[in-house]
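Working notes, structure below.
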Amino acid sequence: MESNFENNFGVAAEDRSIEHIFTIHHDGDDVDVQGNHQTHCPFTFRFDLYQDNHIGPADATLLNLFSDTDTRKRFSILNRLYNQDEPLVATPTKASDYKEYDFVFPVTSPRIGKWIHRNATYPEVAPGTAVGQPNDINRIEIRYAEVLLIKAEALFYKNEPTDAAEVINLLRARAGQSTYTTLTQDELEKEWNLEFFFEQKRWTNLTRWHKLVSTVLTNVPAYEYYKADYKDVDAIAAKFGAASSTTNYPFFAKIYKHLHSKTDNVSGKFYRFPIPKGLSGNDLGITQNPGY
């Protein structure tokens, strides 16, 4: 396992991180022209505050998932970054020698941090040019931290919470967090979320725990952007008045629509995928999963 959580991500980690067990190669060439969307989409427009990225956090409150002392935070979700292409002094010697951009509400929202290509010397600095956000970095499908969490979960469900805590503590110690003497269900689930934020494990976890519906219906309505204040341009303007002139209206209205779509449409059928027909489109005579 990497001693430093941040060493898992970015160009420097590709094909070299000891924690990567299985990665999917991307070239970003004429054959693989779109490359790895996981690296491209969260920072598509880089330092353009008024152009929403293709993928972003559903709410500013997700920043609060992480303790400020958790070393996983600045590479998972962030609200500040410096642009390498805009130095403020002739010879920069620290991150603040570059122009600062704040990804804060109501102008814009936080940024997903794991896939931002960063300066090798100053991780709070990132290039803003077209070549500054590569999409040809391999996708990390499995890393050793997932093996540890799977082991901890297995031990927990074997009613061995003390042994499960010992495994979880390897990740928590790396993140600079206090360790556990035993483990609860909530602590296990939270650790999955913190360690693998935006590594696309959340949906499979919630379905495995059979908590997808309850989590969506409980958490999503509590998000700030779920409120009717964000349903359209007029509502946002009424909420912020003169300050709304710098607000990215379409972005927040889109989030509002997306969040309501979640709560309006989530149901128990999503714990299973539909059973597909045969390759020729013929019915295989298998009873379809409920709801499809």
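Read the figures in this text as sums done on the coordinates, not as results from a lab. Computed from a predicted structure; not experimentally measured. Ideal geometry is used to build each Cβ from the backbone, glycine not excepted, and the neighbour counts take in all protein chains shown.
Mind putting a number on the dipole of the chain about its Cα centre? Charges go on the C-beta only, +1 for Lys and Arg and -1 for Asp and Glu, and I need it in Debye to the nearest 20.
On the way: 31 positive and 39 negative charges, 150 e Å.
Using Cβ point charges on Lys, Arg, Asp and Glu, the chain gives about 720 debye.
Extending 7 Å from the Cα toward the beta-carbon at both ASP102 and VAL147 defines two label points whose distance is 4.4 nm.
Using the Cα atoms of the chain to build a convex hull, what is its mean projected area in square nanometres?
On the way: hull surface 77.9 nm².
It is 19.5 nm².
Residue pairs exceeding 19 angstrom between C-alpha atoms, taken from LYS73/LYS190; LYS190/LYS269; LYS158/LYS269; LYS227/LYS257; LYS73/LYS257: LYS190/LYS269; LYS158/LYS269; LYS73/LYS257.
Taking only the alpha-carbon atoms of the range 59-107, what semi-axes of the equivalent ellipsoid follow from 5 times the gyration tensor eigenvalues under a square root, in whole Å, largest first?
Working: eigenvalues 126, 39, 8 Å².
So the three semi-axes of the range 59-107 are 25, 14, 6 Å.
Extending 7 Å from Cα along the Cβ direction at THR207 and again at GLU86 yields two label points whose distance is 4.2 nm. Suppose the Debye formula is applied to equal point scatterers at every Cα of the range 11-87; what is log10 I(q)/I(0) at q = 0.13 Å⁻¹? Debye intensities relative to I(0), on a log10 scale: -0.59. A simple spin-label model places pseudo-atoms 7 Å from Cα toward Cβ; at ALA228 and PHE270 they are separated by 2.4 nm.
Normalising by residue count, the range 26-137 has a Cα convex hull of 112 Å³ per residue.
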